1. If I filter the stretch 209-250 down to residues being of a type in the set (Gly, Ala, Ser) and farther than 25 Å from residue 177 by Cα, which single residue comes out as nearest to the chain's Cα centre (by Cα)?
2. Output the residue which, of all residues in the stretch 221-234 that are out of contact with any Phe, Trp or Tyr (no Cβ under 7 Å at 6 or more places or on another chain) and of a type in the set (A, V, I, L, M, F, W, C), is surrounded by the fewest Cβ atoms within 10 Å (Cβ to Cβ).
3. Which pairs do you get when a residue that is touching a residue at least 40 places away in the same chain (Cβ under 8 Å) and under 15 Å from residue 264 (Cβ atoms), found in the stretch 238-252, comes within reach of a residue that is of a type in the set (D, E, K, R) and surrounded by 12 or more Cβ atoms within 10 Å (Cβ to Cβ), reach meaning Cβ atoms under 9 angstrom, with the pair 6+ apart or on two chains?
4. Output yes when any residue across the stretch 62-74 is surrounded by 15 or more Cβ atoms within 10 Å (Cβ to Cβ), more than 22 Å from residue 113 (Cβ to Cβ) and in contact with a helix residue (DSSP H, G or I) (Cβ under 8 Å, 6 or more places away or on another chain), and no when none is.
5. Condition first: surrounded by 13 or more Cβ atoms within 10 Å (Cβ to Cβ) and under 26 Å from residue 117 (Cα atoms). Can you find one or more residues in the stretch 239-258 that meet it?
6. Tell me yes or no: at least one residue of the stretch 165-176 is within 25 Å of residue 292 (Cβ to Cβ) and more than 16 Å from the chain's Cα centre (by Cα).
7. Give me a count of the residues in the stretch 46-75 that are part of a helix (DSSP H, G or I) and either touching a residue at least 40 places away in the same chain (Cβ under 8 Å) or not β-branched (Val, Ile, Thr) (or both).
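Just so it is clear, none of the values below were taken in a lab; they were calculated from the coordinates. Worth saying up front: this structure is predicted, and the values here are computed from it rather than measured. All Cβ positions, glycine included, derive from the backbone under ideal geometry; neighbour counts span all protein chains shown.
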Amino acid sequence: MLYAMIDIGSNTIRLAVYQIEGETTELLMKKKHTVGLASYIKDGAMQQAGIDKAVEILTEYQSFLAAMQIKRVAAFTTAALRNAVNGKVAVREIEERTGLIIEIISGDEEAEYDFLGATHGLESDNGLLVDVGGASTELVYFQGGVIKQKASLAMGSLGYRTLYVKGLMPSTAECAVMRREAETAVREATDFAGLKSPELCGIGGTFKGILSLYNAVYDLAPENRVMETARFGELLRRFAVDGIVPPDNAILLMKNLPDRIHTFLPGLVIADTVAKFFQSSAVTYSNSGMREGYIYRHVLTGKEALA
């Protein structure tokens, strides 16, 4: 069967179409729009302009799905709308205007889906999973293939950029402010106090962007998936400049993360802070995450795949 997923995230709105046969799942295509819904939050509320932008993109996706005759569709939203004081009202309006049924994923659910998706093919049954999103960061500690601790922290790449960055790229002083905020957020995850993890499993668009730039800067193969966290500080010092971006750096940014130039440094500050807190020397990127975890939980192990 063909199965479509629409992920209304804090930074992007994505459409992914899968072919599912028995226990086999194949990603056929992905589309995304970098909308930045988290930047439409003012005084805790989602603004009408953000709702209108989401409706515009979702209507486009609905037209595509109708043309392709794809009828099994799951749509969900995460931190940007979940945390907005008018989130439920905004989602209801989007549903009425698009005809979609949209599930608001809780922080705990997001962490669980992240875990299921990212660890499905991992060799190790123990570790710490980190997903730095646009408006929240999910942490999942697991042992023996079982979740032991999970948390959704109110820090994200786009959220921090909106709150603390004045220009396109943050200055060293702005990075210092974001680091202090991130340190406070991680310390407040008291269930993780004292935990050490030599290696992190990183998922999501922030880590994907950091990895692409990391491989380019350090002349590594595009297939490389492992990053030394000691080099995160080097990247921050190189790209967190007070003023105009040097041409060499500009070329690297435009080639490797054109859609995330404005959010990658806030995301890197968060990633570096988390790595230091848990004394992690390396991050291994996993290309599977919440969407795949949702499929494993609700489709492959449920009744829908048999329908």
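1. Going through the qualifying residues, I end up with 212.
2. Going through the qualifying residues, I end up with 221.
3. Within 9 Å, the pairs are 240/174.
4. Scanning the stretch 62-74, I find at least one residue that is surrounded by 15 or more Cβ atoms within 10 Å (Cβ to Cβ), more than 22 Å from residue 113 (Cβ to Cβ) and in contact with a helix residue (DSSP H, G or I) (Cβ under 8 Å, 6 or more places away or on another chain), so the answer is yes.
5. So far as the stretch 239-258 goes, yes, one or more of its residues are surrounded by 13 or more Cβ atoms within 10 Å (Cβ to Cβ) and under 26 Å from residue 117 (Cα atoms).
6. No - not one qualifying residue is present in the stretch 165-176.
7. Here the count works out to 19.
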